[in-house]
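Participant: This structure is in structure tokens; I'll ask about it shortly.
The values are calculated or read from the model by the stated rules, or taken from the named source; none is laboratory data. In this text the structure is predicted, and so the values were computed from the model without any measurement. Every residue, glycine as well, gets a Cβ built from its backbone with ideal geometry; the counts of neighbours run over all protein chains shown. When the accessible area is computed, the model is the full protein with side chains, heavy atoms only, and any ligands, DNA or RNA have been set aside. Shrake-Rupley method; radii C 1.70, N 1.55, O 1.52, S 1.80 Å.
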Amino acid sequence: MKEVLPVAARALGLIIQPTEVRNADDFDRAFAALNKERPDGLYVTGGRLMSDNQKRIVGFASKRRLPAVYPYTEAVEAGGLMYYGADLAESYRRVANYVDKILKGVKPADLPVEQPTKFEFVVNLKAAKQISLTIPPNVLARADRVIK
């Protein structure tokens, strides 16, 4: 992420200001820094720490009227603005296929490494309204799921 995201951002003319959070106590410092910097948007990375604090992050973004993209659909269902990433249900189905093959005797080392091939885009219109953001119709048309 630290290597790929800056390259993509530059190509789009965006400026990234990373804010590192290593434990739950770092959120207050990170939120204070975000309040001071006043970014145009927030990209939340994945991981256990972020998942465990998703209500806190969603609440901060909503209160500050900050558009945010989350690493899990659950954050969007909890009031976050949007998610774009691998379709986890499809990924779990692929894992089940691998488990089946392994239980039938295939050596794990003989199975190819796979990357997600199906992605999901979820938009929460209630969250958009709450931060006074209008999602263009062509963006909504691309969403796999829209939370109203």
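Participant: For the range 55-68, indicate whether the set of residues that are of a type in the set (A, V, I, L, M), surrounded by fewer than 12 Cβ atoms within 10 Å (Cβ to Cβ) and touching a residue at least 40 places away in the same chain (Cβ under 8 Å) is non-empty. Give the derivation first.
Facilitator: Let us first name the residues in the range 55-68 that are of a type in the set (A, V, I, L, M), namely 57-58, 61, 66, 68.
Now narrow it down to the ones that are surrounded by fewer than 12 Cβ atoms within 10 Å (Cβ to Cβ): none.
Checked against the condition, which is being of a type in the set (A, V, I, L, M), surrounded by fewer than 12 Cβ atoms within 10 Å (Cβ to Cβ) and touching a residue at least 40 places away in the same chain (Cβ under 8 Å), the range 55-68 yields no hits at all.
Participant: Please work out which residue is modelled with the highest pLDDT, limiting yourself to the range 7-22 and to residues that are open to solvent by less than 70 Å² (accessible area, probe 1.4 Å) and under 15 Å from I57 (Cα atoms).
Facilitator: Once the filter is applied, the top-ranked residue is V21.
Participant: Sort out for me the helices (runs of 4 or more DSSP H) sitting completely within the range 1-110 that have 3 or more residues that are small (G, A, S) and more than 17 Å from the chain's Cα centre (by Cα).
Facilitator: Here the list reads 26-37.
Participant: Based on this model, can you work out whether V113 counts as open to solvent by 80 Å² or more (accessible area, probe 1.4 Å), farther than 21 Å from A8 by Cβ, part of a loop (DSSP other than H, G, I, E, B) and free of Cβ contacts under 8 Å to residues at least 40 places away in the same chain?
Facilitator: yes
Participant: Let me ask another. Mind checking whether some residue in the range 134-143 is touching a Phe, Trp or Tyr at 6+ places or on another chain (Cβ under 8 Å) and within 12 Å of Y84 (Cα to Cα)? So that I can check it myself, show each step before the final result.
Facilitator: We begin by selecting, within the range 134-143, every residue touching a Phe, Trp or Tyr at 6+ places or on another chain (Cβ under 8 Å); these are 142-143.
Filter once more, so that each one left must be within 12 Å of Y84 (Cα to Cα): 142-143.
Yes, there is a match, as at least one residue in the range 134-143 is touching a Phe, Trp or Tyr at 6+ places or on another chain (Cβ under 8 Å) and within 12 Å of Y84 (Cα to Cα).
Participant: Please state which one of L103, L125 is surrounded by 12 or more Cβ atoms within 10 Å (Cβ to Cβ) and aliphatic (A, V, I, L, M).
Facilitator: L125
Participant: Any idea which of (1) without any contact (Cβ under 8 Å) to a residue 24 or more places away in the chain; (2) buried (at least 16 other Cβ atoms within 10 Å of the Cβ); (3) of a type in the set (D, E) is the one D87 doesn't satisfy?
Facilitator: It is condition (1) that D87 fails.
Each row is one residue, and each column tells you yes or no for (1) among the aliphatic types (A, V, I, L, M); (2) touching a residue at least 40 places away in the same chain (Cβ under 8 Å); (3) within 15 Å of P71 (Cβ to Cβ).
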| position | (1), (2), (3) |
| --- | --- |
| E3 | no, no, no |
| V7 | yes, no, no |
| D26 | no, no, no |
| K36 | no, no, no |
| G41 | no, no, yes |
